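To start, the structure under review is shown below, and the notes come after it.
The values are calculated or read from the model by the stated rules, or taken from the named source; none is laboratory data. Just so it is clear, the model here is predicted, and its values are computed rather than measured. Here the Cβ is made from the backbone with ideal geometry for all residues, glycine too, and neighbour counts use every protein chain on show.
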Amino acid sequence: MKVKTITCPNCGHANNFLAEDCSQCGINFSKYYEELEKAEALRRHIEEQEKAEALRKQQEEEARQAEERKRQQEEEARAEEERRRKKEEKKAEALRKQQEEEARQEAERQKEAQKRADILKRQKEELEKAEEERRRKEEKAKAEALRKLQEEEARQAEERKRQQEEEIRAEEERRRRDEEEKAEALRKQQEEEDRQAEERKRRQEEEARAEEERRRREEEDKAEVLRKLQEEEDRQAEAEAENDSDAAAPLQMPANTPDFRSANTLQDRLFPYVGQMIGVTYGNPSDIQNVKLIAANEDHFQIFYPISKNIVSYPYQYLAQVTENPEGISAVGPDISPVFPVVAEVPRPFFHKS
């Protein structure tokens, strides 16, 4: 077993690893064990080396014994005749040798056990010294940490006091600004309410004028329809009086009847449906969209799509056709609802998917 050495930190002399003092300068090594972890690691290392050395010796001894037994068996095989002749003598000799070997092995085991006990004792003493040094350092460190903690708590208390004073001042400033902002917001709100009231009043006046204009146009349209209806009835009566033989022939729908309303312009055609739900199609009679007619101006009309919330304006020149029926118009196909009083064929808007 290779003996570990420790180098003296004072003179550099190599001493036995288990020595407590330097054999050259006499310095005590125990004061250089600064931490318990080093001493503990040292102890574990020594124990592992001793265990490994003991295991190696045991294995060597077992191998030697196995070799000895093999050799004895070979000698016994070669000298079988001789052993039979000297059986008792050899048995006694073998027993004596075995007892001597066992005594020798027991002496070696006791010697090795005593050596390990001495090593463990010295290690225990070193560990106790290191533990005492570690406790002393820990107590010193705890005292220092407690002092720093008290200083930090005092500093934090002072800092919290300063922060509370700053927060009180900031809260007062914030309340003052909030009151000023509330007063300013209240003033602006009052001005906005006054403006909105004025705007509502203006819109109400414009709506009243528009309603009056719409009623006037409706009355004019109704009077025109009645006049044309009367003229058509007079012409029909004259035609019946002139040719009674044609009375049984199919009659064409007159120009002015309750089921037909003449109109000179597209504006006149659509104006009666302003504010109502009408139908629009993009050329497919089986697909009629339900929209609201919100305006019929001189050169264009406006419709509102309830689903997409879009308002679209169409010039009259883009109208392909306008179809009216007092009984209602429905889509062509399995789904024939809803029914619309008028359907306009218009170009497809960009937001409407085909």
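List the residue pairs whose Cβ atoms are under 7 Å apart, where the first residue sits in segment 273-297 and is acidic (D, E), the second is surrounded by 15 or more Cβ atoms within 10 Å (Cβ to Cβ) and part of a strand (DSSP E or B), and the two are 6 or more positions apart or on different chains.
Partner pairs satisfying both residue conditions: D287/T281.
Could you pull out the residue among Q72, Q105, Q24 that is modelled with pLDDT of 90 or more and of a type in the set (S, T, N, Q)?
From the options Q72, Q105, Q24, the qualifying one is Q105.
Can you pull out the residues in segment 293-326 that are modelled with pLDDT under 90, part of a strand (DSSP E or B) and farther than 14 Å from G279 by Cβ?
Scanning segment 293-326 gives a single hit, P326.
Would you mind finding the one in Y282, Y273 that is farther than 23 Å from P326 by Cβ and either at pLDDT 75 or above or under 60 Å from the mean Cα position of the chain (by Cα) (or both)?
Step by step, each of Y282, Y273 is checked, and only Y282 is farther than 23 Å from P326 by Cβ and either at pLDDT 75 or above or under 60 Å from the mean Cα position of the chain (by Cα) (or both).
Restrict the check to segment 182-191 and report whether at least one residue is closer than 17 Å to P272 by Cα and without any contact (Cβ under 8 Å) to a residue 24 or more places away in the chain.
no
Among the candidates R134, R187, which residue alone is in a helix (DSSP H, G or I), at pLDDT below 90, more than 41 Å from the chain's Cα centre (by Cα) and not aliphatic (A, V, I, L, M)?
Step by step, each of R134, R187 is checked, and only R187 is in a helix (DSSP H, G or I), at pLDDT below 90, more than 41 Å from the chain's Cα centre (by Cα) and not aliphatic (A, V, I, L, M).
Contact list please: Cβ distance under 8 Å, first residue in segment 94-111 and touching a residue at least 40 places away in the same chain (Cβ under 8 Å) and over 27 Å from K51 (Cα atoms), second residue of a type in the set (D, E, K, R) and surrounded by fewer than 10 Cβ atoms within 10 Å (Cβ to Cβ), pairs at least six apart or on different chains.
Hits for this filter: zero, empty list.
Just to be sure, is R175 under 30 Å from Y273 (Cβ atoms) and either surrounded by 10 or more Cβ atoms within 10 Å (Cβ to Cβ) or among the acidic types (D, E) (or both)?
No.
Residue-wise test of (1) surrounded by fewer than 10 Cβ atoms within 10 Å (Cβ to Cβ); (2) more than 30 Å from D21 (Cβ to Cβ); (3) modelled with pLDDT of 90 or more.
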site: E48; (1), (2), (3): no, no, no
site: E89; (1), (2), (3): no, yes, no
site: I119; (1), (2), (3): no, no, yes
site: E126; (1), (2), (3): no, no, yes
site: K129; (1), (2), (3): no, no, yes
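Just checking, which of Q156, Q110 is within 48 Å of the chain's Cα centre (by Cα) and not small (G, A, S)?
Just a single option satisfies the conditions, and that option is Q156.
For segment 148-155, check the following and say yes or no: at least one residue is in a helix (DSSP H, G or I), small (G, A, S) and not assigned by TED's automatic domain parsing to the domain that holds E20.
Yes, the conditions are met somewhere in segment 148-155.
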